[in-house]
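Here the structure is laid out as structure tokens; the discussion comes afterwards.
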Amino acid sequence: AQSVTQLGSHVSVSEGALVLLRCNYSSSVPPYLFWYVQYPNQGLQLLLKYTTGATLVKGINGFEAEFKKSETSFHLTKPSAHMSDAAEYFCAVSFQTGANNLFFGTGTRLTVIP
Amino acid sequence: EAQVTQNPRYLITVTGKKLTVTCSQNMNHEYMSWYRQDPGLGLRQIYYSMNVEVTDKGDVPEGYKVSRKEKRNFPLILESPSPNQTSLYFCASSSRGGQVNSPLHFGNGTRLTVT
């Protein structure tokens, strides 16, 4: 079965600390991987995506993620958390080049402590 | 400004009273989709449409209807709402080519409460 799992529904970090949000996928075909962010009272917006090529992907607001095939992971990181990073983050996967459908993880709510 | 517009943002209704949530996009996107978001479950797809007059069921279509008579509009219809349809709903759109080439653009959501 093809799926995506986010470990940890809530993550708290201090301002300035490293942010690490975990995402693992299960797939029998090469996946296309995405991170979306949802700020309070807003819709989701794309943070970054991995399709092919370089496995370390940089996104907006200083976030990056690394595709590790051997670990079936696509963890999201940011070296130094900012108060404005407080939001809910969703990992998502697509399994076909021409597909518009995304399968979303259950989300991780990030709290940044001043 | 490129956007997906949903209305209303908040809706409280009673069981069995038909309602429609509208969704409109101004980006000439072929693909549109409806999701519901529930705590601990993430986003689950209700229905999607690859183009005008083409709609398909997603993962949780029961109790919902959609139509795609025009490219820009994709309303979500609840013929007889029930309390288990209380949720946060999102409409999204993207251009042809799939997620590899075109990210989903989301509306700001509609919070529905059915009593």
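What follows draws every value from the coordinates through simple rules; no lab data is involved. No experiment lies behind these values; they were computed from the predicted model shown. FYI the Cβ positions are ideal-geometry reconstructions off the backbone, even for glycines, and counts take in every protein chain you see.
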Counting every C-alpha pair in the protein assembly as shown, the percent lying more than 21 Å apart is 55 percent
In percent, how large is the relative contact order of chain B, given Cα pairs closer than 8 Å and 6 or more residues apart? 36 percent
Listed by chain and number, the lysines with an alpha carbon less than 27 angstrom from that of A:Lys68, same-chain partners under 8 positions apart left out, are A:Lys49, A:Lys58, A:Lys78
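Nothing charged except the Cβ atoms of Lys and Arg (+1) and of Asp and Glu (-1): what's the magnitude of the dipole of the protein assembly as shown about its Cα centre? Round to the nearest 20 debye. All intermediate terms of the calculation are to be shown ahead of the outcome.
Details: 20 positive and 15 negative charges, 68 e Å.
My answer is approximately 320 debye.
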The stretch A:17-114: proportion of alpha-carbon pairs further apart than 18 angstrom, %: 43 percent
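Tell me, what is the percent relative contact order of chain A, built from C-alpha pairs under 8 Å that lie six or more residues apart?
Working: 280 pairs, mean separation 42.0, N = 114.
Rounded, it is 37 percent for chain A.
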Span from the the stretch B:38-103 Cα centroid across to the the stretch A:1-53 one, whole angstrom: 21 Å
Neighbour net charge for B:Gln25 - beta-carbon separation under 9 angstrom, K R +1, D E -1: +2
Taking the alpha-carbon distance from B:Lys65 and a cut-off under 28 Å, which lysines remain once sequence neighbours fewer than 8 residues away in the same chain are dropped? B:Lys17, B:Lys18, B:Lys57
Quick calc: nm separation of the 7 Å Cα→Cβ label points for A:Lys69 and B:Asn108 -> 4.3 nm
